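K.L.:
Let me give you the structure first, and then I'll get to my questions.
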Amino acid sequence: MKILMVCLGNICRSPLAEGIMKEKLKKHGMKGYVDSAGTASYHIGEAPDRRSQEIARKYGIDITDQRARPFKKSDFENFDLIFAMDRQNYHNIIRLAESEKDREKVEMVLNRLYPGKNLEVPDPYYDGKEGFEHVFKLLDASCELIAKSLKK
Ligand code: 4NP
C-alpha cells in the first residue's frame, strides 16, 4: 500500500502525517510506502518546520530527513491513497485529477476519524507549540484508524 499525505507547504502538517503513518505501519507489522507533498511550492527542498520536528521527537518520531516537494500529477499513478489535510489542499489535488479512479484515491484525512464531516487539520504555521500538539494528536488518531483499516 502506497500512501501520500498532502498539505500546503509540506513543512508542517504532512511531514508529521508521513512520520506518524510510517510509525503506525511499523507498529502494526505492516509493509507499505509513505510519502508527503505540498500543493504550494514556496518551501521546496526545505526540512520540516522546527516545531514539527520537535513535536515528532517528543513522541519518538524522527522526521528530520524529510524534504518538501510539490504534489504532482504522477502521484495519482504512484499512490493508492492520497490524504488531504484541509479543503484547500483537497481541491488543489482534485483539480489535477484526470479520471474518476484518480479522484477516488483522494480523501480528507480527518474523515477517518470524523466520517463525512470534512473537518480540517488546522494550519499551525502561525500558532505556537499548542497548535502543533493539537495537529499531532489529530493525525495520530486518524493514522491509527488508517493503519487498522488496511489490516483487514
Ligand atoms: P503546512 O503549513 O501546509 O502544514 O506545511 C504551512 C507552511 C507554510 C505556509 C503555509 C502553511 N506558508 O504560507 O508559507
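The values are calculated or read from the model by the stated rules, or taken from the named source; none is laboratory data. These numbers come from a predicted model, not from an experiment. Neighbour counts are summed over all protein chains in view; Cβ atoms, including those assigned to glycine, are modelled from backbone coordinates with ideal geometry. These area figures cover heavy atoms from the full protein model, side chains too; ligands, DNA and RNA do not enter into them. Shrake-Rupley method; radii C 1.70, N 1.55, O 1.52, S 1.80 Å.
K.L.:
With the chain treated as a Gaussian network of Cα nodes joined by springs under 10 Å, which of Met30, Met21, Met85 yields the largest mean-square fluctuation?
P.N.:
Fluctuation is largest for Met30.
K.L.:
Pick out, in residue order, every one of the chymotrypsin sites (Phe, Trp or Tyr not before Pro) in the stretch 12-67 that is DSSP loop and has at most 12 other C-beta atoms within 10 Å; say none if there are none.
P.N.:
Those satisfying the criteria are Tyr42.
K.L.:
Report, in whole Å, the centroid distance computed from the Cα atoms of the stretch 121-136 and the stretch 29-43.
P.N.:
Centre-to-centre distance over Cα atoms comes out at 19 Å.
K.L.:
Under the rule of -39500 (n - 2.57) per DSSP H run of 4 or more residues, summed and divided by the residues of the chain, what mean residue ellipticity at 222 nm is obtained, to the nearest 500 deg cm²/dmol?
P.N.:
Value at 222 nm, helices only: -13000 deg cm²/dmol.
K.L.:
Here's a follow-up. Please state the charge dipole magnitude for the stretch 104-152, taken about the Cα centre, from unit charges on C-beta atoms (+1 on K and R, -1 on D and E), reported in debye and rounded to the nearest 20.
P.N.:
Computed about the Cα centre, the dipole is about 380 debye.
K.L.:
Let me know the charge dipole size of the chain about its Cα centre in debye, to the nearest 20, where only the beta-carbon of Lys, Arg (+1) and Asp, Glu (-1) is charged.
P.N.:
Computed about the Cα centre, the dipole is about 460 debye.
K.L.:
Once the convex hull of the C-alpha atoms of the stretch 2-151 is built, how many Å³ does it hold per residue, rounded to a whole number?
P.N.:
101 Å³
K.L.:
Related question: Please give the Cα centre distance for the stretch 47-78 versus the stretch 82-106, rounded to the nearest Å.
P.N.:
19 Å
K.L.:
Still on this structure: Given a 1.4 angstrom probe, what's the average accessible area per residue across the stretch 63-106, in square angstrom?
P.N.:
Accessible area per residue: 56 Å².
K.L.:
Then there's this: Considering only Ser74, Ser14, Ser41, give the residue with the highest GNM mean-square fluctuation for the chain, with springs between Cα atoms whenever their separation is below 10 Å.
P.N.:
Per the Cα network of the chain with a 10 Å cutoff, Ser74 tops the list.
K.L.:
Go through 92-101, 117-126 and give me the packing order, highest mean Cβ count within 10 Å leading.
P.N.:
Top to bottom by mean Cβ count within 10 Å: 117-126, 92-101.
K.L.:
Let me have the relative contact order for the chain, percent, based on Cα pairs under 8 Å that are six or more residues apart.
P.N.:
28 percent
K.L.:
Given a 1.4 Å probe and every protein chain left where it sits, what share in percent of the accessible area of the chain is carbon and sulfur?
P.N.:
Its accessible area is 49 percent carbon and sulfur atoms.
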